[in-house]
Amino acid sequence: MRLLVAPRTAVHSIGAYLHLAPGADGPDQDVGRRIENTDPRELLLAALPDAPPRLYRALNRAGDQVRGSRYYRRLGAAVTGPLGPSLLEAGLLNEDRLDHVDSVLAADPLVAPLSAHFPSSAFTIDHLDTLVTLLRAHAATDAVDWRLAPNAGPRAAFRRMQQALDALTAPDPGFEPPAPFRVVPSLGGLRRIGISFENCVADAGHYAARHWFRLADGSAVFLFADDPPVLLALRPLIPGALFVIEDVAGPKNAPVSPEVVEKLRSDLLASGVTVLRLDPADALWHLHSLAARNSKRADDDVETDLEWLAA
């Protein structure tokens, strides 16, 4: 009869007791008598002796029905872990919330304090863990004081992430650019040029972020000049020796005089570095298209592609 009118806190305390407490598997009459005559808080303590006292009140957010033993074990482990205070503070205590806790605890240790400042989501944890793992691989996590006020929101946490990303440096490109060009040395440097030029590399839009990470992994070398103001991206085909121009832009993405680019190419060539005007893939595609359009000419080679490959 007591269970019919018991609050959720008592229902879950009794459920946890029946699943986990020593002696709860004894004769039904003895177990029933103990439940009837014992404060639910004591039953919860018998089931989860390490759980904080606040768990009893928090069980009001665990739903109306007793759950399986796995749930109470997971709950007991979660509330005694580093995310315990946030679980006990607010929010549902359901399986999804415990899954979220598990994903946070499986991530880099820095993710747990950061995740407290973002909306709760498994996707958010994956995103944070991806970036923190990258920063740690570049030894850039120490560049920032990650401590935030308890009431700080996502924008404050993102600013810390941006500061750490700004510390990522570009690998040695393998050549010294001719004056007035200089190598953009870091992700933060590229972002500052973007702000000055008012172009897409200024903030973390999707396209700009790809430029940022290409600078950090060396798959693009960024050169800039102040007079005339130019930002130029080279893709290495043979590191230190052969590159192709991918992007050239002035302030506000204004076009750059071809003479400026040709002078850079000429100066680099004099120092042993070749810069192609075209992407090899584009050049190959164009020649392939020309060959395909003219394949009916009488003087065309009659061998098939399969014969050529076999040879």
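The values are calculated or read from the model by the stated rules, or taken from the named source; none is laboratory data. Only a predicted model underlies this, so the values are computations on that prediction, with no experimental measurement involved. Positions of Cβ are backbone-derived with ideal geometry, glycine not excepted, and every protein chain shown enters the neighbour counts. All accessible areas refer to the heavy atoms of the entire protein, side chains included, with ligands and DNA or RNA removed. Shrake-Rupley method; radii C 1.70, N 1.55, O 1.52, S 1.80 Å.
Scoring 89-97, 184-192 by mean Cβ neighbours within 10 Å over their residues and listing the highest first yields 184-192, 89-97.
In this simple spin-label model, placing a label point 7 Å from the Cα along the Cα-to-Cβ direction at both residue 292 and residue 277 gives a separation of 2.5 nm. The listed peptides 12-25, 279-292, ordered by packing as a protection proxy, come out as 12-25, 279-292 (highest mean of other Cβ atoms within 10 Å first). Note on residue 176 and residue 210: with the Förster distance fixed at 25 Å, the Cβ-Cβ geometry gives a FRET efficiency of about 0.40. Contact order, relative form, for the chain: 9 percent (alpha carbon pairs under 8 Å, 6 or more residues apart, mean separation divided by residue count).
For the chain, DSSP calls about 85 percent of its internal beta bridges antiparallel.
Rounded to the nearest 20, the size of the Cβ-charge dipole of the chain about its Cα centre is 1440 debye, with Lys and Arg at +1 and Asp and Glu at -1. Here the spin labels are modelled as points 7 Å beyond Cα on the Cα-Cβ line, and at residue 169 and residue 246 they lie 2.2 nm apart. Applying 0.36 nm per residue to the separation of residue 253 and residue 39 and subtracting their alpha-carbon distance, the gain on full extension is 69.9 nm. Multiplying the residue separation of residue 106 and residue 133 by 0.36 nm and subtracting their alpha-carbon distance yields 8.5 nm.
Using a probe of 1.4 angstrom and keeping all protein chains present, the accessible surface of the stretch 189-249 works out to 44 square angstrom per residue. Most tightly packed first, judged by the mean number of other beta-carbon atoms within 10 Å of their residues, the peptides 132-145, 223-236 read 223-236, 132-145.
Per-residue extension of 0.36 nm, minus the Cα-Cα distance of residue 92 and residue 237, leaves a gain of 46.9 nm for this segment.
For the chain, the longest principal axis of the alpha carbon atoms and the long axis of helix 69-79 meet at an angle near 70°.
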